[in-house]
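The values are calculated or read from the model by the stated rules, or taken from the named source; none is laboratory data. Worth saying up front: this structure is predicted, and the values here are computed from it rather than measured. Quick reminder, even Gly has a Cβ in these numbers, built from the backbone with ideal geometry, and neighbours come from all protein chains shown.
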């Protein structure tokens, strides 16, 4: 019997979807607001020291949000820049709350054990794995629509804020719109990748279904009697790993864009 070593590494791959969506959505939208909202960050009341404080505050908040933690909303600086910072952090917390809820539902549904070989040997066997997969698909579709909802809420909050001037509102809304166009396109790419990952999980289960009687689970590991079955199964596992790596590349690019916005805040005049 031949052991599927690749499967052993991927079985416990954490769910990436919402965490990645939070990172991309925050990066592109927050970065765009910072780049577009020139008036708030050039206000004479906002001296260099305050800009530095706000830049550091937003950098820390983004880092916390990327890791799935709620951030402190209260502004540490005054004026319109402080209000924009507060609104962006409220947006971060809404996305993080969605992430936490989706992760909790995903784990409760067994979505973090979709290719866990130890579950294949139980009474439910592959039927249990397919039931978990169906729940994972439903959760993915449920949370797929929320990034657009949260962006609409951010836009409404900017528009309704009594602490922002018409000029700053116009610039901030332009930033939201610019960031939204790019963020939602990339977020949809990520959800597409998540759907493909679930398709590959289903493909792996199909291989196991077709090879029933030619594999066993021993000490929590999947062992195949035939090399062709092993290769067919591991082909799906390899594809899952490539799709996950593609998600990580999207996050890295989005975070780089955010840093451009934070640097603009630190030095809005480029001098």
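For the reader, a short list of remarks on this structure follows.
- Among the residues making up region 170-200, those that are at pLDDT 90 or above and touching a helix residue (DSSP H, G or I) at 6+ places or on another chain (Cβ under 6 Å) are 196, 197, 198, 200.
- In region 50-97, the residues that are free of Cβ contacts under 8 Å to residues at least 40 places away in the same chain, farther than 20 Å from residue 158 by Cβ and in contact with a helix residue (DSSP H, G or I) (Cβ under 6 Å, 6 or more places away or on another chain): 70
- Qualifying residue in region 213-232 (condition: under 30 Å from the mean Cα position of the chain (by Cα), surrounded by fewer than 20 Cβ atoms within 10 Å (Cβ to Cβ) and assigned to a helix (DSSP H, G or I)): yes
- Any chance residue 225 is at pLDDT below 95 and touching a strand residue (DSSP E or B) at 6+ places or on another chain (Cβ under 8 Å): yes
- Candidates in region 100-123 are the residues that are in a helix (DSSP H, G or I) and buried (at least 21 other Cβ atoms within 10 Å of the Cβ); of these, the one that is nearest to the chain's Cα centre (by Cα) is 102.
- Residue check for residue 145: modelled with pLDDT of 85 or more and out of contact with any helix residue (DSSP H, G or I) (no Cβ under 9 Å at 6 or more places or on another chain): yes
- With respect to the conditions (1) surrounded by fewer than 16 Cβ atoms within 10 Å (Cβ to Cβ); (2) under 30 Å from residue 237 (Cα atoms); (3) out of contact with any strand residue (DSSP E or B) (no Cβ under 8 Å at 6 or more places or on another chain), residue 76 falls short on a single one, namely (2).
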